[in-house]
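Since the structure comes first, as structure tokens, the remarks are kept for the end.
The values are calculated or read from the model by the stated rules, or taken from the named source; none is laboratory data. Quick caveat, the model's predicted, so the values are computed rather than measured. Note that we place each Cβ from the backbone using ideal geometry, even for glycine, and neighbour counts take in every protein chain shown. In case anyone asks, the SASA skips ligands and DNA or RNA and just uses the protein heavy atoms, side chains included. Shrake-Rupley method; radii C 1.70, N 1.55, O 1.52, S 1.80 Å.
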Amino acid sequence: MAYNGFLIKVGNYAIPFKYMKADSYTAYRSIQDLDSYRDANGVLHRTALTHVPNKVEFETPAMLTDKTFSELMSNIQTNFTNANERKASVTMYVPETNEYVTQDMYMPDITPKIYHADSKKIQYDSIRLAFIGY
């Protein structure tokens, strides 16, 4: 399926573009071999696997407030299929093939960095969010 108006969907939640820094989206379709070898003539014999872990990541724009960051994370967390693993069914757009791929993925640790805080709100630097396939 060609591009359909979103880049990444976690469960049923299509992450809005307002939460993505414009030039930060990357989607990585991995290729892995199983028992590949070169024969006596130097010819490579490959067995490419059909199921490999994919990866998708993006950065949030700088200056998200605690309220907007909490809204983003709440919507992502609501769609976890296993909260302890931060596991979810993730659909990602892959520019290389102009299609979407859906895979069970986990969200690795995130490290929000506070840019500014006062008595009314917190503002964050850009935050990297990623999902890695199982």
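Averaging Cα coordinates gives a centre for segment 55-76 and one for segment 114-131; these two points are 9 Å apart. Rg/Rh, computed from the Cα trace of segment 12-81 with Rh as the Kirkwood radius, has the value 1.26. What a 1.4 Å probe finds exposed on the chain is 49% carbon and sulfur by accessible area, rounded to a whole percent. Please compute, over every Cα-Cα pair in the chain, the percentage with a separation greater than 22 angstrom. The answer is 45 percent, as a whole percent. Using the alpha-carbon positions of segment 46-118, Rg (one decimal) and Dmax (whole number) come out as 15.6, 58 Å. Of all the stretches in the chain, which is the longest one without any exposed loop site, taking trypsin sites (Lys or Arg not before Pro) in a DSSP loop (any state but H, G, I, E, B) with at most 13 other Cβ atoms within 10 Å? Value returned for the longest uninterrupted segment is 47-112.
To the nearest ten degrees, helix 66-78 and the longest principal axis of the Cα atoms of the chain are 40 degrees apart. Accessible surface area normalised per residue over the chain is 62 Å², counting heavy atoms of protein chains with a 1.4 Å rolling probe.
For the set I114, I132, solvent exposure ranked by accessible area (probe 1.4 Å, protein chains only) runs largest to smallest as I114, I132.
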